[in-house]
Every structure is written in C-alpha cells, then in structure tokens.
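Rule-based calculations on the coordinates, nothing more; no lab input. Worth saying up front: this structure is predicted, and the values here are computed from it rather than measured. Here the Cβ positions follow ideal geometry from the backbone for every residue, glycine too, while neighbour counts run over all protein chains shown.
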Amino acid sequence: MSNATMPMPQITRASWLMVASLGLVWGSTFLVIEIALRGITPLWLAAGRISFAMLLTVSIWSLRGWPLFLTRARPWGRLALIGLLSSAMPFTLLGWGQQYVTSGFAGVCMAAVALMVLPMAHVFLPGERMTLRRTLGFVIGFSGVALLIGGQAFQSSGDASESLGRLACLGAASCYAVSSVMMRRLPAMDPIGIATIPLIFGTLIVVPLAWFGEGAPPMPSNQTLLVLAFLGLVPTAGANILRVLVIRSAGPVFMSLTNYQVPMWSVLLGVLLLGEPARPSLLAALALILAGVAISQWGALKRLFTRSG
C-alpha cells in the first residue's frame, strides 16, 4: 500500500481502552518471564510462548473462515519479516538479555520504543508527523519512565555478559519499533490474519533456533508449563491481536504510548500486590508520564472529550 492510499490514523475511545489494556497486561509480563526462566532456558521460553500463542490465534482465525487478503496484494515477504521482528527476535533477545541485565534496564529499553517509532513514522507514514508538541510529549513521558525506574536501571549487574545483554534488550526494542511501522504499511487485510501469520512465521523460525542453540526441548514442571501457557495466551496471543488492531486503526505512534505504561503498571502492581515499597519519586514519575501522554495526544484527547460532552 502506498502512502497516498494509506488511510489516516483514527484514534477513538476503543483505541484508548485497548492501549490501556495492553499497558496493564504487558506491565505484569516481566515478572512472569523471570518466574518462567527458573524452569526453562531462554530460547525454549521464547519458543514455548510463541507456539502457545500461534495455536490460539490459528484456532480463532479458523473459526472466522481463514480470511486474510482483502486486495490483490500478497505481501508474504513482509509478513514473514514482521513475524521475525515482532515475535521471534524480540522474545529471544529479551529472554536471553534479561539473564545479564537488571529488570529496570529492560523496562527502559521497552519505553525507548516510543522514541524509536516517532522518527520512523515521520518518514514512512502519512499523518504521523514528528511535530514539536508530539516530540516534547514523548520526551517528557520517557523522562517519567526513567524517574519511575530509578538510577538502578543504569547500574551494572556485574555480569561479564552485561554489555551483550544490554545490546540484546535494545535490539528487541528496535525490532518492535520497525515491525510496528511495517505493519501499518501493509495493504488492506484481515486483522486476525495479520496477527496470526507473523506468529506462524515466528514459530517456524524460533523453534529450530531453540533446538539448534539449546538442544532438545526440556521437560518443564507443571508450574512452568502453566506460566508458559499464560505468557503465550494472554500477553502474546491476546495482546498481539489488540496490538494489530491499534496499529492498523490508530497508528504505531499512538500504539507506542503503551511502552510508557508498561513500567508504570509494573511498579504499581509491585506496590499494590507484592507490598513493594513506594519510592518518593513515584507520584512525580506518574505525573510526568501522564503529562507526556496528554501533551503528545492533545488533539486526540480534545476530540475524545468533545464527543463525550
């Protein structure tokens, strides 16, 4: 689909609801990944997560009658690349990198996706211009994330492979940013099909990679299997469908706001559910994040409240 024929992004109440849901779901995922890594190796964690997600989305797609292409275009190559960049590579890189870096650094990397998407969308997508207001909002939001996570995000873990682990986490963030822009540029297609095909390609890539890199799949405990099933079905399959719907309708720049919510929810859930101490900077950080979102999406928010009124 050319830029001339690509529909302009439309941000609705449903868009805001889906982005908020994604932030909450993904905000709880880092802790679950750390639990899963106690019982399974990183590559097989990625393979199990993608495989569970692929089976679920294929089942949903089959119930819909397997629709996919709504135009004459058949972008199989781009779908395969999106599958590599949106599932196989980032899951593998994060699973491996989180062994050697602090969880805070991984959270900052995910927040940086928004800053990576902004200039790419400016170049490749109509209606996604990098205005001063939007850029200022994203920078303020990122500052809030950095304050929220704290200085420990940039402290050394002391591991000899930490530098490679940090590169892996940054690589995962770059994969998410590029795949979001590529997904927006696809021709008219069924959203469930778009969500399913990349997971199929991702499974075909990461399962052989795990077998080659870590040998035959281990026999995990029942607890680990349950954690893998949760990771595959909720923050991968379910969230991936929502991600596709948001990107295709509201655009990747709006979708990238999720990356500011993820560390916010992660910290809040830790305070509310795990009894973790709330740092004095928490409220200031949350204020910066919300202010950044409001500034960057001021036009969409005004339209939302105008319709509500």
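Here are some notes:
- For segment 206-222, 3J(HN,Hα) per residue [Karplus equation, 6.51 cos²θ - 1.76 cosθ + 1.60, θ = phi - 60°, Hz, x = Gly/Pro]: 7, 5, x, 5, 5, 5, 6, x, 10, x, 4, x, x, 9, x, 6, 4
- Of the labelled figures [x] 60, 57, 30; [y] 54, 53, 33; [z] 49, 42, 35, only one reflects Cα extents along the principal axes in Å as derived from the coordinates, namely [y].
- Distance between the modelled labels on L136 and E34, one decimal in nanometres: 3.7 nm (7 Å Cα→Cβ projection).
- Centre separation in Å (Cα based) which lies between segment 175-227 and segment 51-83: 12 Å
- ³J(HN,Hα), Karplus 6.51/-1.76/1.60, whole Hz, each residue of segment 84-96, x for Gly, Pro: 5, 7, 9, 9, 4, 5, x, 4, 5, 5, 5, x, 6
- Listed residue (T236, L272, I40) projecting farthest to the positive dipole end of segment 13-308, Cβ model: T236
- Counting 0.36 nm for each residue step from S221 to L272 and taking away their Cα separation leaves a gain of 15.5 nm.
- 3J(HN,Hα) along segment 162-179, derived from phi through the Karplus expression 6.51 cos²θ - 1.76 cosθ + 1.60 where θ = phi - 60°, amounts to 4, 4, 5, x, 5, 4, 5, 5, 5, x, 4, 4, 5, 4, 4, 5, 5, 5 Hz, with x in place of Gly and Pro.
- Longest segment of the chain lacking trypsin sites (Lys or Arg not before Pro) that sit in a DSSP loop with at most 13 other Cβ atoms within 10 Å: 130-309
- Using a 4.7 Å Cβ-Cβ cutoff, the cysteines of the chain lacking any partner cysteine are C175.
- Comparing P42, P263, P119 in a Gaussian network model of the chain, where Cα atoms under 10 Å apart are tied by springs, the biggest mean-square fluctuation is seen for P119.
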